[in-house]
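Q: The structure follows.
The values are calculated or read from the model by the stated rules, or taken from the named source; none is laboratory data. Keep in mind that what you see is a predicted model, and the values were worked out from it rather than measured. With ideal geometry, Cβ positions are generated from the backbone for all residues, glycine too; neighbour counts draw on all protein chains shown.
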């Protein structure tokens with residue numbers, strides 16, 4: 001119980017710092033500094049420099065600027081619009097075709113972009129106005145885009161999975177491969193949710209009536225093909241062992257720059273913006289890891305994660321019930337914390353407990369990522385909600401929130417499915433070995 | 001004066017960092033091609049890209065702070081009246097400076113030791129620690145200066161400046177800004 005008490009103090013102190021609006025990396029780092037001076041020998045403060053230099057020179061982290069660059073370059077092109085148009089044409093007269101098309105456009109874009117807000121912004125800025133123009137309910141148009149955008153972090157490459165991999169020392173290649181099947185299942189579950197909503201109230205998504213010629217259908221694929229080829233190249237090179245995740249990131253970044261150049265989007269100011277965004281995100285990411293690992297170091301020296309693990313393992317309840325509790329806690333915290341903070345703060349505390357219960361670290365990484373997806377669309381701080389509010393002129397927060405809430409159900413079902421059948425995530429990485 | 005100085009330095013740092021990121025991309029691709037096409041992997045690409053990553057990070061640290069790219073949980077602060085928001089932002093910048101000061105102290109200490117020891121990295125290519133570490137204190141010092149400049153700007157602004165966050169950006173700027181600070 002002592003561990004839980006100390007953990008509570010840690011969380012409360014952290015929340016107080018975060019409430020001022022201080023960057024998460026600074027808040028976790030300061031908690032580490034305070035922890036050192038209160039409980040550890042002062043010499044332990046030198047760990048902050050060790051972690052900074054070790055992590056910034058960690059070869060695994062070289063993957064970050066490369067995958068961020070890949071997403072930034074593609075977001076600068078009109079490829080999001082082309083993906084949505086292709087889905088719209090191919091799904092044709094299906095009920096809720098545009099909304100389902102948005103989900104699959106997000107899934108396709110997610111295969112080349114590891115960021116949920118970038119996916120939601122890129123697809124949403126064009127899909128939402130188009131859906132509303134065609135008579136779709138605002139709530140459905142906004143909600144499905146917010147939820148679809150979350151696929152960007154489950155379908156590899158995924159920036160949060162890299163962060164999880166670094167914090168827990170889990171193979172990033174395995175995490176990426178493990179995200180593929182759950183990512184596809186999530187896209188299907190989100191689409192089923194759309195179908196259910198349209199079945200209940202057909203007026204929220206009027207059916208398309210126009211028939212298109214076969215030629216038009218195939219022409220629409222011209223932008224889908226390079227995106228899919230790029231996604232397959234990245235994952236295929238990791239899966240076949242031709243490239244490490246870092247090298248695959250380089251292939252993806254180069255490929256996306258080539259696609260952007262081919263589409264005529266690569267003008268000097270755009271290039272400058274792409275690279276500026278890339279390095280700023282990289283710095284944010286590395287500092288987040290430094291702050292997170294430093295506070296995790298202090299927590300570990302105080303025995304808090306170990307104590308929490310011991311307490312949870314010794315509880316007289318089945319492991320799945322403990323996992324459900326952890327997931328519920330993550331869902332609640334996800335309502336108030338952004339995805340990165342969740343990863344940096346919660347994972348180091350619960351990871352030892354989860355592995356002590358016999359669960360696979362790769363599997364837990366996928367579960368955590370889906371939890372982060374839920375956090376991204378949970379009010380009041382769901383990041384994707386704010387993304388849509390910003391990129392869609394005139395979008396009202398109440399419509400976005402109302403539309404998104406129902407999509408928490410398929411995501412939660414996905415977690416339940418993964419707890420019941422861990423092989424959904426694990427069979428593909430296992431085949432790889 | 002300080003604001004103009006830090007903005008200029010940050011612009012230069014951002015450009016250097018961007019070029020280094022491009023160089024990392026080129027080096028890793030070059031090695032991948034040599035290994036898989038010519039069966040002749042380099043011995044230096046892996047370590048060089050690692051060391052360049054240190055420069056990318058420290059050069060971009062302050063520009064990221066200036067652009068508001070470091071993720072924060074602002075739900076509490078955003079819902080406060082302008083007067084309270086101003087004080088919270090001043091407080092948060094003081095926290096940034098406090099952590100930055102500790103980081104600067106420790107990173108400088110490690111760098112001074114690296115210069116005194118003159119030791120090598122335990123890597124295949126022979127690189128001295130000091131040749132990589134020197135950028136640490138430089139990057140964190142600029143981070144501290146940027147935080148100080150932002151603190152002074154907040155201190156000087158009246159509560160009316162904190163009434164509403166500016167959202168008047170082009171779609172491209174929005175996408176770029178959103179990608180920073182989010183996942």
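Matching residues to (1) in contact with a strand residue (DSSP E or B) (Cβ under 9 Å, 6 or more places away or on another chain); (2) within 14 Å of chain B (Cβ to nearest Cβ); (3) at pLDDT 80 or above:
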site	(1), (2), (3)
A:311	no, no, yes
A:315	no, no, yes
A:322	no, no, yes
A:326	no, no, yes
A:329	no, no, yes
A:337	no, yes, no
A:344	no, yes, yes
A:356	no, no, yes
A:362	no, no, yes
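Q: Identify, from the list A:195, A:257, A:266, A:232, the residue that is surrounded by fewer than 19 Cβ atoms within 10 Å (Cβ to Cβ), within 14 Å of chain B (Cβ to nearest Cβ) and either touching a helix residue (DSSP H, G or I) at 6+ places or on another chain (Cβ under 7 Å) or in a helix (DSSP H, G or I) (or both).
A: A:266
Q: Can you tell me which residue among B:145, B:152 is more than 18 Å from residue A:286 (Cα to Cα), within 15 Å of the chain's Cα centre (by Cα) and assigned to a helix (DSSP H, G or I)? Outline the logic, then answer.
A: Details: B:152 fails: within 15 Å of the chain's Cα centre (by Cα).
Exactly one of B:145, B:152 is more than 18 Å from residue A:286 (Cα to Cα), within 15 Å of the chain's Cα centre (by Cα) and assigned to a helix (DSSP H, G or I), namely B:145.
Q: Right, next: Quick check: is even one residue across segment A:16-23 touching a residue at least 12 places away in the same chain (Cβ under 8 Å), closer than 25 Å to residue A:164 by Cβ, in contact with a strand residue (DSSP E or B) (Cβ under 8 Å, 6 or more places away or on another chain) and part of a helix (DSSP H, G or I)?
A: yes
Q: Okay, moving on. Residues B:97, B:80: which one is part of a loop (DSSP other than H, G, I, E, B) and out of contact with any strand residue (DSSP E or B) (no Cβ under 6 Å at 6 or more places or on another chain)?
A: After ruling out the rest, the residue left standing is B:80.
Q: Any chance segment A:49-66 includes a residue that's under 18 Å from residue B:101 (Cβ atoms), touching a residue at least 60 places away in the same chain (Cβ under 8 Å) and facing chain B (nearest Cβ under 7 Å)?
A: The answer is yes, given that some residue of segment A:49-66 is under 18 Å from residue B:101 (Cβ atoms), touching a residue at least 60 places away in the same chain (Cβ under 8 Å) and facing chain B (nearest Cβ under 7 Å).
Q: Considering only residues that are within 8 Å of chain A (Cβ to nearest Cβ) and touching a residue at least 60 places away in the same chain (Cβ under 8 Å), which ones fall in segment B:47-59?
A: If the condition is that a residue be within 8 Å of chain A (Cβ to nearest Cβ) and touching a residue at least 60 places away in the same chain (Cβ under 8 Å), then B:50, B:51, B:54, B:57, B:58, B:59 are the ones that fit.
Q: Same structure again: Filtering segment B:7-25 down to residues that are under 13 Å from the mean Cα position of the chain (by Cα), in contact (Cβ under 8 Å) with a residue 12 or more places away in the chain and over 27 Å from residue B:126 (Cβ atoms), which residue is farthest from the other protein chains (Cβ to nearest Cβ)?
A: Ranking the candidates gives B:9 first.
Q: Restricting the first residue to segment A:71-97 and requiring it to be farther than 16 Å from residue A:256 by Cβ, which pairs with a second residue that is modelled with pLDDT under 80 and part of a helix (DSSP H, G or I) meet a Cβ separation below 6 Å and a spacing of at least six or different chains?
A: Pairs found: A:85/A:220; A:86/A:220; A:86/A:221; A:86/A:224; A:89/A:217; A:89/A:220; A:97/A:91.
Q: Could I ask something else about it? Evaluate the following for residue A:153: is it at pLDDT 90 or above, surrounded by 15 or more Cβ atoms within 10 Å (Cβ to Cβ) and in a helix (DSSP H, G or I)?
A: No: the conditions fail for residue A:153.
Q: Considering only segment B:115-126, how many residues are surrounded by fewer than 14 Cβ atoms within 10 Å (Cβ to Cβ) and not in a helix (DSSP H, G or I)?
A: Number satisfying all stated conditions: 6.
Q: Condition test on residue A:163, is it away from chain B (no Cβ under 13 Å) and modelled with pLDDT under 90?
A: no
Q: Within segment B:103-114, does at least one residue satisfy the condition of being free of Cβ contacts under 8 Å to residues at least 24 places away in the same chain, touching a strand residue (DSSP E or B) at 6+ places or on another chain (Cβ under 9 Å) and either more than 8 Å from chain A (Cβ to nearest Cβ) or assigned to a loop (DSSP other than H, G, I, E, B) (or both)?
A: Yes - at least one qualifying residue is present in segment B:103-114.
Q: Can you tell me which of (1) in contact (Cβ under 8 Å) with a residue 60 or more places away in the chain; (2) more than 30 Å from residue A:123 (Cα to Cα) is the one residue A:356 doesn't meet?
A: Status for residue A:356: all satisfied but (1).
Q: Could you tell me which residue of segment A:78-134 is farthest from residue A:390 (Cα to Cα), considering only residues that are outside any helix (DSSP H, G or I) and within 14 Å of chain B (Cβ to nearest Cβ)? Can you show your working first?
A: From segment A:78-134, those outside any helix (DSSP H, G or I) are A:78, A:92-96, A:111-115, A:134; that's our starting set.
In the following step, the residues that additionally are within 14 Å of chain B (Cβ to nearest Cβ) were identified as A:78, A:112-115.
Values: A:78: 19, A:112: 23, A:113: 20, A:114: 20, A:115: 16 Å.
So the residue we want is A:112.
Residues are listed down the side, and each one gets a yes or a no for (1) within 9 Å of chain A (Cβ to nearest Cβ); (2) surrounded by fewer than 23 Cβ atoms within 10 Å (Cβ to Cβ); (3) more than 15 Å from residue A:279 (Cβ to Cβ); (4) at pLDDT below 90:
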| site | (1), (2), (3), (4) |
| --- | --- |
| B:2 | no, yes, yes, yes |
| B:27 | yes, yes, yes, no |
| B:39 | no, yes, yes, yes |
| B:64 | yes, no, no, no |
| B:78 | yes, yes, yes, yes |
| B:84 | no, yes, yes, yes |
| B:96 | yes, no, yes, no |
| B:101 | no, yes, yes, no |
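Q: Between a residue in segment A:187-206 that is under 12 Å from residue A:98 (Cα atoms) and any residue that is surrounded by fewer than 22 Cβ atoms within 10 Å (Cβ to Cβ), which pairs come within a Cβ distance under 6 Å, given they are 6 or more apart or on different chains?
A: Here the result reads A:198/A:95; A:204/A:137; A:206/A:135, each pair linking segment A:187-206 to a residue that is surrounded by fewer than 22 Cβ atoms within 10 Å (Cβ to Cβ).
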